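Peer 1: One structure, pasted below without further comment.
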Amino acid sequence: MLAQLGSLMFFQFIGETLVTVLGIPFPGPLCGMLLLLAYLFLRGGPSEELAGVGSKLIDNLGLLFVPAGTAIVAYGALFATDGFAILAALVVSTLLAVLIGGAIAASTQDAGGVP
């Protein structure tokens with residue numbers, strides 16, 4: 001399990017390094033995730049061990065939201081003054097993401113792509 005977690009962290013490190021060295025305004029962990037995706041695509045998918053580690057991480061994903069809950073408590077005054085604007089931005093951006101994702105999925109399916 002440690003070796004698989006190490007490989008995930010390695011791809012994150014490579015993504016962070018690549019973004020920093022090239023000066024790209026892109027999140028390093030996301031770049032690392034894309035590199036991992038390309039690696040897994042070329043390899044033919046994840047190994048059983050990596051899939052198991054991924055499942056364990058997803059099962060415990062709720063723990064990663066503790067800092068977000070703490071921020072809500074810590075920045076209560078900000079939410080009291082600008083809460084409506086923040087909520088509106090969240091709702092609009094979520095709706096746009098769902099609509100754009102659905103449009104891309106529909107166009108891919110219409111073009112004969114993999115559903």
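Peer 1: Calculate how steeply helix 76-110 sits against the longest principal axis of the alpha-carbon atoms of the chain, using the helix alpha-carbon long axis, and give the answer as 0 to 90 degrees to the nearest 10.
Peer 2: 40 degrees
Peer 1: Please give the helix 28-43 orientation as an angle from the longest Cα principal axis of the chain, in degrees from 0 to 90, rounded to the nearest 10.
Peer 2: Taking the Cα atoms of the chain, the angle to 28-43 is about 30 degrees.
Peer 1: Taking all protein chains in place and a 1.4 Å probe, what share, in percent, of the accessible surface of the chain do carbon and sulfur account for? Kindly include the intermediate steps, with their values, before the conclusion.
Peer 2: Working: 6820 of 8940 Å².
Percent of accessible area from carbon and sulfur atoms in the chain: 76.
Peer 1: Taking Cα atoms, how many degrees apart are the long axis of helix 2-22 and the longest axis of the chain, rounded to 10 and kept between 0 and 90?
Peer 2: Its long axis makes an angle of about 70 degrees.
Peer 1: On the Cα set of the chain, report Rg and Dmax in Å, please.
Peer 2: Over the chain's Cα set, Rg and Dmax evaluate to 18.7, 51 Å.
Peer 1: A further question on this structure: Can you grab the distance from the C-alpha centre of segment 21-54 to the C-alpha centre of segment 1-20, Å, no decimals?
Peer 2: Cα centroid of segment 21-54 versus Cα centroid of segment 1-20: 8 Å apart.
Peer 1: Can you tell me the dipole magnitude for the chain around its Cα centre, using point charges on the Cβ only (Lys, Arg +1; Asp, Glu -1), in Debye to the nearest 20?
Peer 2: Magnitude of the dipole: close to 60 debye.
Peer 1: Suppose all protein chains stay in the model; what accessible area per residue would a 1.4 Å probe give for the chain, in Å²?
Peer 2: 78 Å²
The values are calculated or read from the model by the stated rules, or taken from the named source; none is laboratory data. Everything numeric in this text was worked out from a predicted model, so none of it was measured. Every residue, glycine as well, gets a Cβ built from its backbone with ideal geometry; the counts of neighbours run over all protein chains shown. Ligands, DNA and RNA are excluded from the accessible area calculation, which covers all protein heavy atoms including side chains. Shrake-Rupley method; radii C 1.70, N 1.55, O 1.52, S 1.80 Å.
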